[in-house]
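Trainee: One structure, as structure tokens, below. Some questions next.
The values are calculated or read from the model by the stated rules, or taken from the named source; none is laboratory data. Remember, it's a predicted structure, so these values are computed and weren't measured experimentally. Here Cβ is always computed from backbone atoms with ideal geometry, including for glycine, and neighbour counts include all displayed protein chains.
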Amino acid sequence: MLDAFEEAVQALQNAGATVIDLDAAGFNFASADGEFLVLLFEFRNDVAAYFGTRVGVPVAGGTLQTAINFNNAHADVEMPFFNQDLWDLANSLAPGPDDPQPVFGGLTYNQALAIDHLAGVNGIDAAIAQFNLDAVVSATDNPAWATDLLYGDHFIFGTSGLAAGPGYPIVQVPAGFPKLCASTTQPTNCTQYGVPLGISFFGTAFSEPTLIKLASGFEAATQVRAHNLPTFSATAPSTNVQGTTLTVPHRHAAPPASANAKKMPHHL
């Protein structure tokens, strides 16, 4: 996975970009620790606003609690393979933006917003100003995993929080594919497989035009999208699990994260 990203960085350099490794330069990105609270708080309120526009459906005019109750009443249909813990967590939050949220250590929604704002100021903004950058680039996340209805997601890392926390723009395009090599001693005897790995272009607020130009230039130079098609595994035979046509899968453990799996982003 890191090989694909390093090849993408090399392609940027070959196209004329000046690329600096921010990790090697000693730059540390501020953490957007308030992001999850903000997401849950706004989700609960926005769902209620959306339900207020609906007619002729069970949740019309309702709230998140209405949807939770409906799912619980029809769990065999609505939740055969998962629960709604995140919905329950969002619904349990205190209603006011300045109310302390015990599950988040007493943090309030407005305090979480301020933390996320500072994550942008002390993160992407600071990197761009300190190193005179056009953008920050990073691998998007680990390779996509097969849906596992028994054990859930096999997530290793992701970098979208750098932009999502402060609400900054991000453009993601295909950067390459995972490689399956004959052996570690034959790194050239490899085949590409699976679905694309992404490269993310981050910028400060309202820098969308710059990010789109950079991502478009990268795609024009690499042609990853044009010359590579994703491959998918065949669907497993059905054993009619819980009245569906899906099969309960065997557990496939996610590969352990390497020492470089959370390598800090590069920049342009």
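Trainee: Take the conditions under 30 Å from residue 16 (Cβ atoms), in a loop (DSSP other than H, G, I, E, B), in the same structural domain as residue 171 (by TED's automatic domain parsing) and not basic (Lys, Arg) and apply them to residue 134. Does it pass?
Mentor: Details: under 30 Å from residue 16 (Cβ atoms): yes; in a loop (DSSP other than H, G, I, E, B): yes; in the same structural domain as residue 171 (by TED's automatic domain parsing): yes; not basic (Lys, Arg): yes.
So residue 134 passes the test.
Trainee: Sort out which residues of the stretch 10-46 are aliphatic (A, V, I, L, M) and surrounded by fewer than 19 Cβ atoms within 10 Å (Cβ to Cβ), and write them in order of number.
Mentor: To start, the set of residues in the stretch 10-46 that are aliphatic (A, V, I, L, M) comprises 11-12, 15, 17, 19-20, 22, 24-25, 30, 32, 37-40.
11, 15, 19, 20, 24, 25, 39 - these are the residues of the stretch 10-46 that are aliphatic (A, V, I, L, M) and surrounded by fewer than 19 Cβ atoms within 10 Å (Cβ to Cβ).
Trainee: Limited to the stretch 84-113, what total is found for residues that are polar (S, T, N, Q), in contact with a helix residue (DSSP H, G or I) (Cβ under 6 Å, 6 or more places away or on another chain) and part of a helix (DSSP H, G or I)?
Mentor: Result for the stretch 84-113: 1.
Trainee: Show the residue pairs that are 6+ apart or on different chains and have beta-carbon atoms under 8 Å apart, the first residue being within the stretch 126-144 and in contact (Cβ under 8 Å) with a residue 12 or more places away in the chain, the second being in a loop (DSSP other than H, G, I, E, B) and polar (S, T, N, Q).
Mentor: Every condition considered, the pairs that remain are 128/204; 135/207; 138/159; 139/159; 140/159; 140/160; 141/159; 141/160.
Trainee: Please name all residue pairs, on different chains or six or more residues apart, with Cβ atoms under 8 Å, provided the first residue is in the stretch 213-225 and is on the phi < 0 side of the Ramachandran plot and the second residue is surrounded by fewer than 15 Cβ atoms within 10 Å (Cβ to Cβ) and not charged (D, E, K, R).
Mentor: Once the first residue is on the phi < 0 side of the Ramachandran plot and sits in the stretch 213-225, its partners that are surrounded by fewer than 15 Cβ atoms within 10 Å (Cβ to Cβ) and not charged (D, E, K, R) give 217/15; 218/15; 221/14; 221/15.
Trainee: Counting only residues that are more than 21 Å from residue 41 (Cα to Cα) and of a type in the set (D, E, K, R), which one in the stretch 55-85 is surrounded by the fewest Cβ atoms within 10 Å (Cβ to Cβ)?
Mentor: So in the stretch 55-85, the residues more than 21 Å from residue 41 (Cα to Cα) come out as 55-58, 72-82.
With of a type in the set (D, E, K, R) added as a condition, the list becomes 76, 78.
Details: 76: 9, 78: 13.
The residue in question is 76.
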